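This report refers to the structure that appears directly beneath it.
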């Protein structure tokens, strides 16, 4: 339990000096703390507590190195933040060529044309904290066939992709794992 949680605070002020915050509590009723500790503190006191805001600041962002998409496919980035409980995880997103991939400020991208781009996420608070991912759009869907439990795609390069139930090996993948995503 923290120092201030042991007291009932009547007046509190928070001052910010750079990355350090100063918390001033005035008129604390410390009678409960006196009873437990046997201390000779007066029943009214004032205290300063410093808090380093950098401890909770976003230190790094991780994105996948490479994402491969079909033309017209959407993908939403799920960045990994360090520390995980950083106070501000707001990001600004950018794409170096929006004719190939469009991006929304929630990190959702849509492949619009064949090509390669770089997607960059930058902390809205500290521009030195950023991460990038390469996005490759290399295929279009040429044909698609669907059934009740399986789907098959033929891509523009002649590749066959399958998804669906596979408990008896019916997708032809050499295993018995069901696939919610298309696998080549």
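The values are calculated or read from the model by the stated rules, or taken from the named source; none is laboratory data. Predicted, not measured: the structure shown is a model, and the values here were computed from it. With ideal geometry, Cβ positions are generated from the backbone for all residues, glycine too; neighbour counts draw on all protein chains shown.
General observations
- Taken together, 119, 125, 109, 136 contain a single residue that is within 30 Å of residue 55 (Cβ to Cβ), under 29 Å from the mean Cα position of the chain (by Cα) and not in a loop (DSSP other than H, G, I, E, B), which is 119.
- Comparison of 100, 61 shows that the only residue that is touching a residue at least 40 places away in the same chain (Cβ under 8 Å) and surrounded by 13 or more Cβ atoms within 10 Å (Cβ to Cβ) is 61.
- Filtering 130, 179, 123 for residues that are touching a residue at least 40 places away in the same chain (Cβ under 8 Å) and surrounded by 17 or more Cβ atoms within 10 Å (Cβ to Cβ) leaves a single hit, 123.
- Being exposed (fewer than 14 other Cβ atoms within 10 Å of the Cβ), modelled with pLDDT under 95 and either within 28 Å of residue 183 (Cα to Cα) or touching a helix residue (DSSP H, G or I) at 6+ places or on another chain (Cβ under 9 Å) (or both) is not true of residue 114.
- Meets criteria (within 17 Å of residue 67 (Cβ to Cβ), touching a strand residue (DSSP E or B) at 6+ places or on another chain (Cβ under 7 Å) and either touching a residue at least 24 places away in the same chain (Cβ under 8 Å) or surrounded by 13 or more Cβ atoms within 10 Å (Cβ to Cβ) (or both)) for residue 151: no
- Against the numbered list (1) outside any strand (DSSP E or B); (2) under 29 Å from the mean Cα position of the chain (by Cα); (3) exposed (fewer than 12 other Cβ atoms within 10 Å of the Cβ); (4) modelled with pLDDT under 95, residue 158 comes up short only at (2).
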